[in-house]
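Undergrad: First, the structure itself, so that you have it in front of you.
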Amino acid sequence: MEVDDDNSPSTSAAVPDGETPVATANSTPVQPPAVPPAVVPPTIAPLPAVVPPIAPIPAVRPPVFKPPVPQNGEVKAVDSDSDHEDDGRATAGEYEISEESRLVRERQEKAMQELLMKRRAAALAVPTNDMAVRTRLRRLGEPITLFGEREMERRERLRMIMAKLDSEGQLEKLMKAHEEEEAAISAKAEDIEEDIEYPFYTEGPKELLDARIDIAKYSIVKAAARLQRARRKRDDPDEDMDAEIDWALRQAGNLVLDCSEIGDDRPLSGCSFSRDGKLLATCSLSGVAKLWSMPRVSKVSALKGHTERATDVTFSPVHDLLATASADRTAKLWSSDGSLLKTFGGHLDRLARIAFHPSGKYLGTTSFDKTWRLWDIDTGMELLLQEGHSRSVYGIAFHQDGSLVASCGLDALARVWDLRTGRSILAFEGHVKPVLGASFSPNGYHLATGGEDNTCRIWDLRKKKSLYIIPAHSNLISQVKFEPQEGYYLVTSSYDMTAKVWSGRDFKPVKSLPGHEAKVTASDISADGRYIVTVSHDRTIKLWTAGNIEQENDMDWTEG
């Protein structure tokens with residue numbers, strides 16, 4: 001069969017442009033066409049239809065909406081995506097501000113106004129004196145103080161008021177107040193002819209100055225005598241200090257209970273020997289102080305006058321007078337025959353301890369009003385109100401020279417004050433709980449303190465630090481007392497129902513005095529060192545004496 005050349009398919013037309021036709025195995029070789037231009041399609045003609053357009057097509061691009069964002073109180077202009085702003089394609093609904101955006105804008109505007117107000121206020125001159133601030137507030141018609149407002153807050157409030165007036169344009173009112181202040185200051189300056197230099201301290205009465213001078217004169221004589229006695233003992237070959245101390249400690253080590261007496265119907269709180277040792281005074285929670293004769297502890301008289309419980313009692317070291325302290329906020333001065341001489345009132349809270357100055361002219365009292373006070377015995381006048389403790393003041397003790405006084409309290413602190421200048425010269429920190437008792441040693445440079453941490457601390461006034469810590473009792477120490485002659489031993493009383501004697505040389509235990517059935521609240525040592533008395537909440541008075549040593553001495557003297 002013959003193949004029609006006109007109707008046969010062209011292999012070159014079916015092969016894509018740029019590819020070489022491949023002949024199959026059963027194909028017949030075909031002659032190329034006679035007219036090549038009519039069979040092969042042109043390859044350049046379709047190119048213009050495939051190339052993408054160069055210019056952008058606005059209709060295909062989706063619109064981009066940018067809501068206005070307020071910055072620094074102003075609305076930024078909206079940028080349009082189109083070159084034509086009035087093409088009408090953006091509607092008003094697309095740029096409507098929502099409620100949240102409006103609130104954000106208001107907050108930012110308010111913050112901006114406050115910032116500008118603070119900047120304006122910082123540039124204003126505001127007085128630093130609180131009285132001047134109050135005066136300007138009064139002149140501006142504002143309250144001079146608000147409830148609970150402090151000085152810096154009041155000054156800041158004035159600053160903001162002045163800035164507000166400045167921003168509102170009320171400069172006339174502000175300038176008028178400033179002019180009135182300047183006029184008042186100038187008028188005051190004209191009234192004062194000369195400048196007054198105010199002291200840095202609160203000036204006391206003339207009586208206090210006279211008392212300080214008297215104390216200085218007294219202490220100089222006493223200190224000179226003490227130093228002279230110490231030099232004599234050191235340089236005299238006949239003086240054997242160790243032997244003397246050993247004898248005193250042996251005597252203290254042989255203390256025995258000599259007498260026990262019921263002192264009152266209520267617990268006892270204080271006790272004190274008279275200067276000659278013939279009388280003993282006690283006080284109790286009933287508010288009554290009693291006098292007892294020695295050494296048999298026989299009742300002599302009762303001193304009634306306090307309306308609350310009595311907290312302490314002490315005899316004068318010079319006169320036959322005694323003083324009592326009470327929770328009724330008063331101290332009273334009594335004669336040895338039981339008559340009331342004076343009442344010292346002025347404390348704002350109950351009294352704790354009380355002590356006489358070595359000269360016998362002054363009386364020191366401590367109180368829970370965080371102060372201790374010095375009183376004149378002759379006039380009954382309050383000479384000194386001394387602050388310095390952060391909590392209640394409990395114990396007080398005068399130096400034997402009369403120049404110093406120690407106070408201790410519930411702030412776990414012991415302070416030493418110079419009575420001649422009124423300054424706090426030492427502050428002893430070491431107790432971890434309230435300090436309840438203090439006592440100066442007759443040697444002049446040791447101070448003993450005891451408190452609720454169950455320890456007794458020995459402080460050296462020369463080194464200004466703790467010298468020794470005595471783990472004295474198993475309960476709080478209510479009072480400490482040095483032996484009044486030479487300070488050879490120390491007595492501590494405690495709520496563990498015992499009193500203990502410690503060596504004044506190395507602070508080792510010498511003797512324990514058990515016998516009470518309740519807390520031991522106070523103790524005292526007679527002037528000659530022969531007797532020790534303790535009182536307790538068990539309402540008993542117990543008298544301790546070294547009778548065995550006295551008998552041994554008498555036997556030795558008889559045999560000699």
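Undergrad: Within region 489-504, does at least one residue satisfy the condition of being of a type in the set (A, V, I, L, M), in contact (Cβ under 8 Å) with a residue 60 or more places away in the chain and not in a strand (DSSP E or B)?
TA: No; the residues of region 489-504 include none that is of a type in the set (A, V, I, L, M), in contact (Cβ under 8 Å) with a residue 60 or more places away in the chain and not in a strand (DSSP E or B).
Undergrad: Just give me the residues in region 486-496 being surrounded by fewer than 21 Cβ atoms within 10 Å (Cβ to Cβ) and over 25 Å from D242 (Cβ atoms), in sequence order.
TA: Y495, D496
Undergrad: Ok, one more. Looking at (1) without any contact (Cβ under 8 Å) to a residue 12 or more places away in the chain; (2) β-branched (V, I, T); (3) in the same structural domain as W375 (by the TED database), find the lone condition where T307 falls short.
TA: (1)
Undergrad: Also, quick follow-up: Among the residues of region 393-427, count how many are over 21 Å from the mean Cα position of the chain (by Cα) and over 23 Å from R329 (Cα atoms).
TA: Final tally of qualifying residues: 11.
Undergrad: Specify the residue that is farthest from V535 (Cα to Cα); the eligible residues are those in region 282-326 that are assigned to a loop (DSSP other than H, G, I, E, B) and open to solvent by less than 20 Å² (accessible area, probe 1.4 Å).
TA: Result: S316.
Undergrad: Being small (G, A, S) and without any contact (Cβ under 8 Å) to a residue 24 or more places away in the chain narrows it down to one residue among G388, G345, G364, G380; which is it?
TA: Unique residue meeting the criteria: G345.
Undergrad: With (1) farther than 25 Å from E203 by Cα; (2) buried (at least 18 other Cβ atoms within 10 Å of the Cβ) as the list, and T343 as the residue in question, which single condition is left unmet?
TA: Going through the list (1) farther than 25 Å from E203 by Cα; (2) buried (at least 18 other Cβ atoms within 10 Å of the Cβ), T343 breaks only (2).
Undergrad: Tally up the residues in region 524-537 that are assigned to a loop (DSSP other than H, G, I, E, B) and open to solvent by less than 60 Å² (accessible area, probe 1.4 Å), please.
TA: 3
Undergrad: Determine, yes or no, whether G402 is in the same structural domain as I469 (by the TED database), open to solvent by less than 10 Å² (accessible area, probe 1.4 Å) and at positive phi.
TA: yes
Undergrad: When only residues in region 370-385 that are part of a loop (DSSP other than H, G, I, E, B) and open to solvent by less than 30 Å² (accessible area, probe 1.4 Å) count, which is nearest to G345 (Cα to Cα)?
TA: Top of the filtered list is G380.
Undergrad: Might you check whether a residue that is under 26 Å from R391 (Cα atoms), in contact with a helix residue (DSSP H, G or I) (Cβ under 7 Å, 6 or more places away or on another chain) and in the same structural domain as L257 (by the TED database) occurs anywhere in region 416-423?
TA: Scanning region 416-423 turns up at least one residue that is under 26 Å from R391 (Cα atoms), in contact with a helix residue (DSSP H, G or I) (Cβ under 7 Å, 6 or more places away or on another chain) and in the same structural domain as L257 (by the TED database).
Undergrad: Among L227, L257, which is within 46 Å of the chain's Cα centre (by Cα), open to solvent by 50 Å² or more (accessible area, probe 1.4 Å) and either more than 19 Å from N443 (Cβ to Cβ) or not assigned by the TED database to the domain that holds P484 (or both)?
TA: Within the list L227, L257, the selection yields L257.
Undergrad: Moving on to the next point. Would you check which residues across region 505-520 are in contact (Cβ under 8 Å) with a residue 12 or more places away in the chain and on the phi < 0 side of the Ramachandran plot and list them?
TA: R505, V510, K511, S512, L513, P514, H516, E517, A518, K519, V520
The rows are residues; the columns are (1) open to solvent by 50 Å² or more (accessible area, probe 1.4 Å); (2) under 30 Å from L383 (Cα atoms); (3) outside any strand (DSSP E or B); (4) hydrophobic (A, V, I, L, M, F, W, C).
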residue	(1), (2), (3), (4)
G444	no, yes, yes, no
P484	yes, yes, yes, no
F507	no, no, yes, yes
A522	no, yes, no, yes
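Yes/no matrix, rows are residues, columns are (1) modelled with pLDDT of 95 or more; (2) in contact with a helix residue (DSSP H, G or I) (Cβ under 7 Å, 6 or more places away or on another chain); (3) assigned by the TED database to the domain that holds S466:
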residue: I477; (1), (2), (3): yes, no, yes
residue: F482; (1), (2), (3): yes, no, yes
residue: S493; (1), (2), (3): yes, no, yes
residue: K500; (1), (2), (3): yes, no, yes
residue: G515; (1), (2), (3): no, no, yes
residue: A518; (1), (2), (3): yes, no, yes
residue: T521; (1), (2), (3): yes, no, yes
residue: T540; (1), (2), (3): yes, no, yes
residue: D556; (1), (2), (3): no, no, no
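Undergrad: Would you please name the residue that is nearest to E207 (Cα to Cα), looking only at residues in region 361-391 that are of a type in the set (G, A, S) and at pLDDT 95 or above?
TA: G364
Undergrad: Scan region 197-224 for residues that are outside any helix (DSSP H, G or I) and open to solvent by 100 Å² or more (accessible area, probe 1.4 Å) and report the count.
TA: The qualifying residues number 6.
The values are calculated or read from the model by the stated rules, or taken from the named source; none is laboratory data. Model, not experiment: these values are computed from the prediction. Heads up, the Cβs are rebuilt from the backbone with ideal geometry, glycines too, and the neighbour counts pull from every protein chain shown. Ligands, DNA and RNA are excluded from the accessible area calculation, which covers all protein heavy atoms including side chains. Shrake-Rupley method; radii C 1.70, N 1.55, O 1.52, S 1.80 Å.
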